[in-house]
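Peer 1: My structure is below; once you've seen it, I'll send some questions.
The values are calculated or read from the model by the stated rules, or taken from the named source; none is laboratory data. What you see is a predicted model, and the numbers here were worked out from it, not measured in a lab. Reconstructed Cβ throughout: ideal geometry from the backbone, glycine too, with neighbour counts over all protein chains shown. Heads up: the accessible areas ignore ligands, DNA and RNA and are worked out on the full protein's heavy atoms, side chains in. Shrake-Rupley method; radii C 1.70, N 1.55, O 1.52, S 1.80 Å.
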Amino acid sequence: MSTLFQDIIVFTILAVALVFLFKKYIWKKKAKKACGTDDCGCH
Amino acid sequence: MSKQINVALIGNPNTGKTSVFNALTGLNQQVGNYPGITVEKKEGICKLPRGVKAHIIDLPGTYSLNASSLDESVVIELLLNKNDKDFPDVAVVVSDVENLKRNLLLFTQIKDLEIPCLLVVNMADRMRRKGITLDIGYLEQQLETKIAVISTRKNEGIENLKQQISNYKELSVKPCLNASEIDTEYFNRLQKAFPNQLLYKLWLVITQDVNFGKTDRKDIDAIASFKTKSKGDLKRLQQKETIKRYQFINNVLKRGQTIDITQATDVRTKLDRILTHKIWGYVIFFFILLTIFQAIYDWSSVPMDWIDSSFASLSNWVKETFPGGGKVTDLIAEGIISGLGGIVIFIPQIAFLFLFISILEESGYMSRVVFLMDRIMRRFGLSGKSIVPLISGTACAIPAIMATRNIESWKERLITILVTPFTTCSARLPVYLIIISLVIPEGRILGLSYQALTLMLLYLIGFGAAVGSAWILNKVLKIKSKTFFVVEMPNYKVPLFKNVALTVLEKTKAFIFGAGKIILAISIVLWVLASYGPGEQFNNAENIITEQYAAQDLTEDELQQKIASHKLEHSFIGLTGRAIEPAIRPLGYDWKIGIAIVSSFAAREVFVGTLATIYSVGSDDEETIKNRMAGEVNPILGGPLFNFASGISLLLFYAFAMQCMSTLAIVKKETNSWKWPTYQFVIMTAIAYIVALLSFQFLK
């Protein structure tokens, strides 16, 4: 395998890993609901 | 195509609902979350007679349909929303033969929603011992339902239960209580305003603080012809409803259930007298903990060594089998396999930890611990209920922080949320285990290994830090609140093997796959950062080192090692590590440990995987993670990098530091503010840094 081709594979895998981490920690779905009690501070 | 029906398993806590779920679904089950919220959702598939398949949902335990927590509101929301894809074709209400009266309150409420409802009387094997007899025919007639008497412990009655579920269409949907009896005038007005709606459903929508999908409370308030009552009046009507239900249940049980106290044997009282004793209770709890930590070490060393050497061999095999693969082969062998090896190795110890926790919970002992610890907790401004998050925090701080929702007082709940991350979670375990194995000798005292005692001490330090900071927070936080402590003490039971095995399997799977994906992704990123670098020093490393050592008589292997080390030092990761090194050197760490600490902010267990990846880069030896770490030399002081002083410093750093992004996110969510997670992060990190600094400087 040529060095360029290897680099392409490595950086593609890196991009997939970064997208996964980004989605896991930064781009998260927001919760919709409150917890149900009045004094919990989340209303 | 076979037909599939939805079955909801509902019941009070401690009725053996999960045992029924396990008996019906076996291994055909999966655990997830309800959409948008972090309440655990367990579902599974069960084959019923006549080729019918049942999709079974194990709903969170609830005492009634009057929600006081998010878990309970999940049950109500599902039962009130016919358009939900999980809306049950039949509700299976699980009750415990010894607490039938209390369990029937929930049953009557669900039946009044006109959902086909089947009553399961579980723990039937205890009936004779407790002197209980049931007139099933009479109960079925009065409750207008079918009753399945089962014993999940003895695996009795399960086939009959499946048969009865498949016959759900024959179940009556006639309510137990006429809702308008609660307040005739009010309910007549309600029915007039909403003629096409079920009266009891409307009543629940009005009285519950739940965000219903279809029938919103605001819609009811918007109807001009109907004026609802004040909160206080509604509460009084709820109490009236509960009294009416208990009147009905008492009448039914008067003839349907007989309890002969003279026949009852009472082992429970005798056991409680010892296990909750003000001195012996604590002594026994302490020895149970000691046994657990000793067993974790003794039983798991063989499988751990095997896993460690297997991953080292696998990595080596990949390199030897695909020598022309270049960077791709290196990424697989040094990045992915080494990173994953760093987490898989801890499967035995984590499985043993959950095995013991599960046995303690299943046996009913954990509730005694809650009761026992309440006496101590009160002195530190915590509730007895705080012990549940603190104990479940040994698995993970995230569900533990969510478990604080049943603490009524906001001050006590906030304190519990803030101190729970001090408890030793399972993510800290891999870090502790590897460092302890490197710096604590293998000797024994009174048959107990030093390593097991150190691990136990770290758990006690975590617990001590939690209660100590709770005491300070109780003095500092100026929030007024009142509280009370109520805990249900279930009967003692011999743990069911199936339940324990499924819990261990599920928790270990969640740990490995939850953390595994993150570790795999971080290992890839770290490997790339360690294998690429800017400038001449990295790109021309071979020439620089060859020239530098030309005069010395180095073997080919030694030369290659010098080149790899030089490249790593000038790679992207090496440069980053060097930048933070001045801040961590006083703690006894080098830049490689610094990188592992920074990356483990994503999840603590990443620490070991990171070091495994960093130490693997450029290494051709078939060495285990532990051996590689043991071979690292301190560049300044000489000698092993992981020695007693730096090891203790690292252990204490991890014992106190808030190294978990997900925990901060959940604290933000539960307190609805960034203020508390920010305080938590800054204070915990500062404590960790100071304690680690003092310990290293004192011990070096």
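Peer 1: Computed over the Cα atoms, what is the radius of gyration of chain B divided by 2.2 N^0.38 Å, N being its residue count?
Peer 2: Here the Cα radius of gyration is 1.12 times the empirical estimate.
Peer 1: Here is a follow-up. Run the numbers for B:K278 and B:A295: contour at 0.36 nm per residue of separation, minus the present Cα-Cα distance, in nm.
Peer 2: Stretched fully, the B:K278-B:A295 segment lengthens by 3.5 nm.
Peer 1: With only Lys, Arg, Asp and Glu charged, each at its Cβ (+1 for the first two, -1 for the last two), find how big the charge dipole of the stretch B:498-699 is about the Cα centre; round to the nearest 20 debye.
Peer 2: Using only the charged Cβ atoms, the result is roughly 1460 debye.
Peer 1: When only the heavy atoms of the protein chains count and the probe is 1.4 Å, how do A:K23, B:K700, B:K562 rank by accessible area, highest first?
Peer 2: B:K700, A:K23, B:K562
Peer 1: Provide the per-residue ³J(HN,Hα) series for the stretch B:53-59, in order, calculated from phi with Karplus coefficients 6.51, -1.76, 1.60 and θ = phi - 60°, each as a whole number of Hz, with x at glycine and proline positions.
Peer 2: Taking θ as phi minus 60°, the curve returns 9, 10, 8, 9, 10, 8, 6 Hz for the stretch B:53-59.
Peer 1: Here is a further query. Among B:I206, B:N160, B:A179, pick out the residue whose Cα is farthest towards the positive end of the charge dipole of the stretch B:157-210, where Lys and Arg carry +1 and Asp and Glu carry -1 on C-beta, about the Cα centre.
Peer 2: Selected residue: B:N160.
Peer 1: Place +1 on the Cβ of every Lys and Arg and -1 on the Cβ of every Asp and Glu in chain B, take the dipole about the Cα centre, and give the residue among B:S358, B:V419, B:V93 whose Cα lies farthest towards its positive end.
Peer 2: B:V93
Peer 1: Sum -39500 (n - 2.57) across every DSSP H segment of at least 4 residues in chain B, then divide by the residue count to get the 222 nm mean residue ellipticity, nearest 500.
Peer 2: Taking each H run of at least 4 residues, the total per residue is -18500 deg cm²/dmol.
Peer 1: In addition: Work out from phi, with θ = phi - 60° and the Karplus expression 6.51 cos²θ - 1.76 cosθ + 1.60, the ³J(HN,Hα) of each residue of the stretch A:6-14, listed in order in whole Hz, and give x for Gly and Pro.
Peer 2: Here the 3J(HN,Hα) series is 4, 4, 4, 4, 4, 6, 5, 4, 4 Hz.
Peer 1: By Kyte-Doolittle mean hydropathy of at least -1.0 and Cα axial length of at least 27 Å, which whole DSSP H helices of chain B are selected?
Peer 2: B:280-321, B:450-476, B:497-531, B:675-699
Peer 1: What spacing in nm lies between the two simple spin-label points modelled at B:I683 and B:N251, each 7 Å away from Cα in the Cβ direction?
Peer 2: So the label points at B:I683 and B:N251 sit 5.6 nm apart.
Peer 1: About the Cα centre of the protein assembly as shown, what is the dipole size in debye to 20, counting +1 per Lys and Arg Cβ and -1 per Asp and Glu Cβ, all else neutral?
Peer 2: 3760 debye
Peer 1: Charges at C-beta only: +1 for Lys and Arg, -1 for Asp and Glu. How large is the resulting dipole of chain B about its Cα centre, in Debye rounded to 20?
Peer 2: 3740 debye
Peer 1: Which of B:G516, B:A541, B:A530 sits closest to the plus end of the dipole of the stretch B:511-582, meaning its Cα is farthest towards the positive end, when Lys and Arg get +1 and Asp and Glu get -1 on the C-beta?
Peer 2: With unit charges placed on the Cβ atoms, the residue in question is B:G516.
Peer 1: Please report the antiparallel percentage of DSSP beta bridges with both residues in the protein assembly as shown, rounded to the nearest 5.
Peer 2: Expressed as a percentage, antiparallel bridges in the protein assembly as shown total about 45.
Peer 1: For the protein assembly as shown, report the accessible area per residue in Å² (1.4 Å probe, heavy atoms, rounded to an integer).
Peer 2: 46 Å²
Peer 1: Quick one: order B:W280, B:W203 from most to least accessible surface, probe 1.4 Å.
Peer 2: From most exposed to least exposed: B:W280, B:W203.
Peer 1: Continuing with this model, one more query. Which residues belonging to the stretch A:1-21 lose at least 10 Å² of 1.4 Å-probe accessible area when the assembly is complete, relative to their chain isolated?
Peer 2: Buried-area filter returns A:M1, A:Q6, A:D7, A:I9, A:V10, A:F11, A:I13, A:L14, A:A17, A:L18, A:F20, A:L21.
Peer 1: Could I ask something else about it? Just to be sure I understand the interface: list residues from the stretch B:411-428 that lose 20 Å² or more of accessible area between the chain on its own and the complete protein assembly, 1.4 Å probe.
Peer 2: Residues losing area: B:R413.
Peer 1: What's the total accessible area buried between chains B and A, using a 1.4 Å probe, rounded to the nearest 100 Å²?
Peer 2: Counting both chains, the buried surface is close to 2700 Å².
Peer 1: Still on this structure, please answer the following. Return the FRET efficiency for the residue pair B:W471, B:T546: r is the Cβ-Cβ distance, R0 is 60 Å, and the value is rounded to the nearest 0.05.
Peer 2: 0.45
Peer 1: Cα centroids of the stretch B:318-384 and the stretch B:143-201: how far apart, whole angstrom?
Peer 2: A separation of 43 Å, based on Cα centres.
Peer 1: Around B:N6, which amide H atoms from residues at least 5 apart in sequence, or from another chain, sit under 5 Å from its own amide H, with H modelled in the peptide plane?
Peer 2: Placed amide hydrogens put B:H55, B:D89, B:V90 under 5 Å from B:N6.
Peer 1: Right, here's the next one. What's the extension gain from B:V302 to B:I243 if we count 0.36 nm per residue and subtract their Cα-Cα distance?
Peer 2: Using 0.36 nm per residue and subtracting the Cα-Cα distance, I get 15.3 nm.
Peer 1: Related question: For the protein assembly as shown, what % of the accessible area comes from carbon and sulfur atoms, probe 1.4 Å?
Peer 2: 60 percent
Peer 1: Run the numbers for B:F698 and B:D553: contour at 0.36 nm per residue of separation, minus the present Cα-Cα distance, in nm.
Peer 2: My answer for the length gained is 48.1 nm.
Peer 1: Could you check the simple spin-label distance between B:L27 and B:N83, using points 7 Å along Cα→Cβ, in nm with one decimal?
Peer 2: With each label placed 7 Å out from Cα toward Cβ, I get 4.0 nm.
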